């Protein structure tokens, strides 16, 4: 049979590697993407939104195979059947309320079973939009020269693998935060680069070493049992970076860390600076699209070329403005279009203000002329 997500679920990939090689797509690139999602809400809506947006790009199903990775432990047979689909990959883990190391590393183990088929594997969050053409163009240029590739938005931190804690977090490759926080005295190894969880791409040798390592599997199980991962200092992204750091030592891998931070931002609707950017044509991924309809919005912006509409963006992606905000009222939007209401957004204070024409007739419930935006933390604690 041709390679599919079901091959991974049934564990048939490794035993049929020769047929996979002959039946693989003609392109030199063969990328396996695992979208980590939950069986229940909001996962169901997000999966459908992804199927109807960025999974429609050319290359999906050819150079790029997308599988939705769900945990099957704790589900009844009826539930499992109701969530099943040809693009679903079942992982032998319990589906947590929040992402855990056990699920993340279970994905890399599953990807390693397809090692004879793939050239790269990707872990993606289900609130992330992937610009597939931009991604494949980048990889086509990089793959020949970088056999040991980690391609992702990057940050840096130290880590203590016995306590599953990070320390000295920084955007830059610098030991200064690590030293300033006394991380060495807390048993932390020096800072290393790690890929942020919205989008993590590894090349074949790294996937194989990571997914087949008994030490990594034991580490993930111990972390899951410890309870430490419920804190912000315990982070599965930093843990992945730690194991890449170990692989460099154990296997003498010369890992190329390619940072795509400027092209892998959080979605901004009114906001447009720093970590939060309005959709741009050179993006690789756009993260934190909380409302499923936001995927469709970004698709119409980047694929169909429609102009940016901050109000629709905030409504569909369910970010920046509360549900039921006055600007979502059709009458208010009409008044904005007609110039009776002017919106002003201050990028420094994240404050949206409304200015009204004297003749503007406001809805009775409109009491306040401004709405504040609360910026999310620019980095995790630690």
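The values are calculated or read from the model by the stated rules, or taken from the named source; none is laboratory data. Computed from a predicted structure; not experimentally measured. For neighbour counting, all protein chains shown are included, and Cβ atoms are generated from backbone atoms with ideal geometry for every residue, glycine included.
Just to be sure I understand, how many residues within the stretch 97-142 are in a helix (DSSP H, G or I) and either under 29 Å from residue 215 (Cβ atoms) or touching a residue at least 12 places away in the same chain (Cβ under 8 Å) (or both)? Quick ask: steps written out before the conclusion?
In the first step, residues of the stretch 97-142 are kept if they are in a helix (DSSP H, G or I); the result is 101-112, 132-142.
Those left that are additionally either under 29 Å from residue 215 (Cβ atoms) or touching a residue at least 12 places away in the same chain (Cβ under 8 Å) (or both): 101-112, 132-136, 138-140, 142.
So the answer is 21.
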Pick from 252, 271: which is over 15 Å from residue 197 (Cα atoms) and out of contact with any strand residue (DSSP E or B) (no Cβ under 8 Å at 6 or more places or on another chain)? 252
Of the residues 40, 47, which is more than 16 Å from the chain's Cα centre (by Cα) and either under 28 Å from residue 300 (Cα atoms) or surrounded by fewer than 21 Cβ atoms within 10 Å (Cβ to Cβ) (or both)? 40
Scanning the stretch 338-371 for residues that are under 15 Å from residue 272 (Cα atoms) and either at pLDDT below 60 or exposed (fewer than 13 other Cβ atoms within 10 Å of the Cβ) (or both) gives 344, 346, 348, 349
Please specify each residue of the stretch 267-292 satisfying the condition of being within 21 Å of residue 56 (Cβ to Cβ) and surrounded by 18 or more Cβ atoms within 10 Å (Cβ to Cβ). 267, 279, 283, 284, 285, 286, 287, 289, 291, 292
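Rundown of residues vs (1) assigned by TED's automatic domain parsing to the domain that holds residue 252; (2) modelled with pLDDT of 95 or more; (3) under 30 Å from residue 41 (Cα atoms); (4) in contact with a strand residue (DSSP E or B) (Cβ under 7 Å, 6 or more places away or on another chain), yes/no style:
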{"residue": "140", "(1), (2), (3), (4)": "yes, no, no, no"}
{"residue": "157", "(1), (2), (3), (4)": "yes, yes, no, yes"}
{"residue": "161", "(1), (2), (3), (4)": "yes, no, no, no"}
{"residue": "173", "(1), (2), (3), (4)": "yes, no, no, yes"}
{"residue": "185", "(1), (2), (3), (4)": "yes, yes, no, no"}
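Has the stretch 320-332 got at least one residue that is touching a strand residue (DSSP E or B) at 6+ places or on another chain (Cβ under 6 Å) and not assigned by TED's automatic domain parsing to the domain that holds residue 139? Don't jump to the end; show me each part of the working.
Of the stretch 320-332, the ones touching a strand residue (DSSP E or B) at 6+ places or on another chain (Cβ under 6 Å) are none.
No, the stretch 320-332 has no match at all.
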Is it fair to say residue 297 is assigned by TED's automatic domain parsing to the domain that holds residue 32, assigned to a helix (DSSP H, G or I) and at pLDDT 95 or above? no
Answer yes or no: is there a residue in the stretch 142-151 that is under 23 Å from residue 280 (Cα atoms), at pLDDT below 95 and surrounded by fewer than 22 Cβ atoms within 10 Å (Cβ to Cβ). yes
Does the stretch 37-86 hold any residues that are under 21 Å from residue 289 (Cα atoms) and assigned to a loop (DSSP other than H, G, I, E, B), and which are they? 37, 38, 39, 40, 41, 42, 52, 53, 57
Candidate set: the stretch 10-30, residues that are surrounded by 20 or more Cβ atoms within 10 Å (Cβ to Cβ) and out of contact with any helix residue (DSSP H, G or I) (no Cβ under 7 Å at 6 or more places or on another chain); chosen: the one modelled with the highest pLDDT: 30
Which listed residue is touching a residue at least 24 places away in the same chain (Cβ under 8 Å) and farther than 20 Å from residue 198 by Cα, from 341, 260, 311, 286: 311
Unmet criterion (only one of (1) surrounded by fewer than 18 Cβ atoms within 10 Å (Cβ to Cβ); (2) not assigned by TED's automatic domain parsing to the domain that holds residue 203) for residue 254: (2)
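Table: residues versus (1) under 14 Å from residue 31 (Cα atoms); (2) modelled with pLDDT of 95 or more.
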position	(1), (2)
51	no, yes
63	yes, no
66	yes, yes
85	no, no
90	no, no
94	no, no
103	no, no
116	yes, no
136	yes, yes
